[in-house]
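Here the structure comes first, spelled out in structure tokens, and everything after it is commentary.
The values are calculated or read from the model by the stated rules, or taken from the named source; none is laboratory data. Only a predicted model underlies this, so the values are computations on that prediction, with no experimental measurement involved. Cβ placement follows ideal geometry from the backbone for every residue including glycine, while neighbour counts extend to all protein chains displayed. Accessible surface areas use protein heavy atoms only, side chains included; no ligands, DNA or RNA. Shrake-Rupley method; radii C 1.70, N 1.55, O 1.52, S 1.80 Å.
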Amino acid sequence: MTSPLYRQPLLWLVALGFFMQTLDATILNTALPSIAASLGESPLRMESVVIAYLLTVALLMPASGWLADRFGTRRIYLAAILLFALGSLACAESRTLWQLVLARVLQGIGGAFLMPVGRLAVLRSFPGPQLLGAMSFVVMPGLIGPMLGPVLGGWLVEYASWHWIFLLNLPIGLLGAWAVRRYMPDFREPGQPGFDWVGFLLLGGGMVMLSLSLQGFGELGMGGAAAGLLMLGGLAGMVSYWLHAARTPHPLFALSLFQTRSFAVGLLGNLFARLGSGAMPFLLPLMLQLALGYSPLAAGLAMMPVALAAMASKTIVEQLLNRFGYQRLLTVNTVLVGLMIASFALLGQGTPTWWLAIQLALFGAVNSIQFTAMNTLTLKDLEGRGASGGNGLLSMTMQLSISLGVASAAAMLSAFQQHFGAGQTLAVFRATFVCVGLLGALAALIFAQLDEAARPPEKAAP
């Protein structure tokens, strides 16, 4: 099955799954106001639709490798595509907010396994010299999805209905399911140690309670005591996992990973830096439509400079790292990302379209540099089995951080809406952007702890 005859179709198959996932992640944000109107909900209280998916992916992603080794890559990847498509159908058929949230959870179960299991199949199908080219081919749809998603979402909402942003996944899912049965190799590793279910429940439970506590301050309308209790429960779960992992032979994620300083700093930096930037795909389309009067299609088109600038800036990251090093680049760039987020508070009804495009392009560029540098820093010094575990923990942390960022931004929207009162939508968004920018910029304090001489090893400074 791993002969050259099957390798190219495998790449297309994994790329198709990644495209379906990244398109869905970006197509929804532009449609949130229309979905809210259809369901009779406030557009500022729709963050649970986004968080439910992100949190489910973050929670289940650590189990993807073990399940693939235990039951085979073909079976798990097929189940992932079918669950994602079934969840998409359930989303389109939802008639209430909570039906939509539950459908997004089902969709997230499939999404949690799509990229990790597909990447594992590619890793085991292509020899070392061919792996880089294969992975580059697979991740290319991840760059196209964020550019196409907002525009397509706005167009579908304006000229069809929001249901079609989910129904689009059905033919893609059916095509993918057929291709899985024909081209996906069935790799297994039956000799793997047992799965750390205790650690999984402790860490996953802590993540869920922490996210719910932030939602409790916003959409869920919990009292301060209830939300605070959930937050303490979430922190207790994560501390309990740390103690559990210290005495378990095969923990979900080994604590020895944190002995590598670049990994520890990079992971913590990822967690806090993405709290700000991760909220932007949620906040920006809402502000453009609710506060500035953009149509869904216009809001989607306005987001294109972010994706285009992000793609272009990836070509200069390596040169920047070799010139300035990780510490200087990430410390300064983190502050720049925070300032760019806060700068959207300057937008108003009279802001020219060309100025908005410049702001969005600058944000997309510095944000792309941030992500690439952070991820490279986090994984660059890991080797062997540590690289696999570190990559899994990084992927989970990224999803968790974006979920917490959206929840935090929604809580701020709710708080500022109560503070400013009805009819002050623009003031609510302006205050939220300033706070979200400051929240993200604080991660610069973490990156400042790096060794000043740290640079990419292949072109390290003499």
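In this structure, N375 does not satisfy being within 24 Å of V406 (Cβ to Cβ), buried (at least 18 other Cβ atoms within 10 Å of the Cβ) and in contact (Cβ under 8 Å) with a residue 40 or more places away in the chain.
With the structure loaded, tell me whether V49 is under 25 Å from L203 (Cα atoms) and open to solvent by less than 20 Å² (accessible area, probe 1.4 Å) or whether it fails that test. Here the answer is yes, as V49 does meet what is asked. Against the numbered list (1) assigned to a helix (DSSP H, G or I); (2) open to solvent by 40 Å² or more (accessible area, probe 1.4 Å); (3) not β-branched (V, I, T), S401 comes up short only at (2). Residues that are open to solvent by 30 Å² or more (accessible area, probe 1.4 Å) and either under 23 Å from the mean Cα position of the chain (by Cα) or small (G, A, S) (or both) within the stretch 66-80 comprise W66, L67, L78, A79, listed in sequence order. Looking at S48, S88, S94, S64, just one residue is at pLDDT below 85 and small (G, A, S), and that residue is S64. Cβ separations smaller than 9 Å between residues 6+ apart or across chains give the following pairs from the stretch 318-330 residues that are open to solvent by less than 20 Å² (accessible area, probe 1.4 Å) and at pLDDT below 90 to residues that are assigned to a helix (DSSP H, G or I) and among the aromatic types (F, W, Y): Y326/F447. Scanning the stretch 243-261 for residues that are crowded, with 17+ Cβ neighbours inside 10 Å and either over 14 Å from F200 (Cα atoms) or aromatic (F, W, Y) (or both) returns F253, L257, T260.
Could you name every one of the helices (runs of 4 or more DSSP H) located completely within the stretch 199-318 that has at least 2 residues being among the charged types (D, E, K, R) and within 23 Å of N391 (Cβ to Cβ)?
Hits in the stretch 199-318: 261-277.
Between A422, A427, the distinction of being free of Cβ contacts under 8 Å to residues at least 12 places away in the same chain, surrounded by fewer than 24 Cβ atoms within 10 Å (Cβ to Cβ) and assigned to a loop (DSSP other than H, G, I, E, B) belongs to A422 only. Among the conditions (1) within 22 Å of the chain's Cα centre (by Cα); (2) open to solvent by 30 Å² or more (accessible area, probe 1.4 Å); (3) farther than 19 Å from A443 by Cα, the only one that A302 does not satisfy is (2).
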